[in-house]
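The values are calculated or read from the model by the stated rules, or taken from the named source; none is laboratory data. Since we're looking at a predicted model, the values are computed, not measured. Glycine also receives a Cβ, built like all others from the backbone with ideal geometry; neighbour counts cover every protein chain displayed.
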Amino acid sequence: MEENEKVNEQNEQQVNNDGELKKQAAETIKATKEQMKNINFKEEAEKGKGLIRKLATKPIETIKEVVEDNKNQFYKTALVIMIVWAALILIKRILDFIIYDYYKFDVLATIKSILSPILEILAMAIIIHVLNSSNKQPLTKSITAVAIAKIPLVISVVLGYLIYISSNITYITNPISSLLSVISTVLMFFVVKEMFKEEENEKALKVFIKVEIIYYIVAFAFSFLGIYL
């Protein structure tokens, strides 16, 4: 009898979680549409530069500021980060097609490549949001925090353009790109720590590892569709 009650409670909780996620998804889509209408790319570029400087000098404080922002003022910046990241990948594939004779432009593969960074951010944000349901934070906050933690990866993509100047430049850019990837991972740890409101680093690390494991399972599933997160 008690076992049946536990099962019913779990099922009820799952239904509530699914309903809450659908509600958050609808609100996120609505917020995204509203923010997209008013994006000033010049203004956001300046804000982005300031954000990069703050991440470079005070990364933990910057992540905390983003997570504690209840006015959603960084969400527009997060959307710009995703747009720029996707655009950089599209331009690179076009340049590869123009410059390299052996390169064949594949429309479907290009679409998948463009979707990859967007899905990378959304997948991580949704995982954090679902696991962090007890704190009742909007999905837009998770998306914003994750997108900002991915800024080093966007910089890495920009560095990749230097290969068109000289192929030997990779001896310099590859180590820098690896470092930027590590920095992004460290920033993600602090995103998780702040989002889950974990004061102790050890507990935060356990949560972060759990988030990463689930994320890589999701990434593995997407790889069967030819989308590599």
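Things to note:
- When restricted to residues that are surrounded by 13 or more Cβ atoms within 10 Å (Cβ to Cβ) and in a helix (DSSP H, G or I), segment 33-42 contains 1.
- Leading residue by the ranking (nearest to THR32 (Cα to Cα)) among those in segment 129-163 that are touching a His at 6+ places or on another chain (Cβ under 8 Å) and either outside any helix (DSSP H, G or I) or among the polar types (S, T, N, Q) (or both): SER142
- Any hit, segment 165-178, residues being out of contact with any Phe, Trp or Tyr (no Cβ under 6 Å at 6 or more places or on another chain), of a type outside the set (Gly, Ala, Ser), at pLDDT below 95 and not in a helix (DSSP H, G or I): yes
- Selection of segment 77-118 for residues being closer than 19 Å to ALA45 by Cα and hydroxyl-bearing (Ser, Thr, Tyr) yields only THR77.
- Contacts under 7 angstrom Cβ, first residue in segment 48-73 being part of a loop (DSSP other than H, G, I, E, B), partner at pLDDT 90 or above and surrounded by 12 or more Cβ atoms within 10 Å (Cβ to Cβ), 6 or more apart: ASN72/THR140
- Residues in segment 77-107 that are farther than 29 Å from LEU139 by Cα and either assigned to a helix (DSSP H, G or I) or of a type in the set (Gly, Ala, Ser) (or both): ILE91, LYS92, ARG93, ILE94, LEU95, ASP96, PHE97, ILE98, ILE99, VAL107.
- Residue that is surrounded by 19 or more Cβ atoms within 10 Å (Cβ to Cβ), closer than 23 Å to ILE183 by Cβ and aliphatic (A, V, I, L, M), where the choices are LEU139, LEU79: LEU79
- Single match in TYR103, TYR161 (criterion: closer than 25 Å to LEU51 by Cα, out of contact with any strand residue (DSSP E or B) (no Cβ under 8 Å at 6 or more places or on another chain), of a type in the set (Ser, Thr, Tyr) and surrounded by fewer than 17 Cβ atoms within 10 Å (Cβ to Cβ)): TYR161
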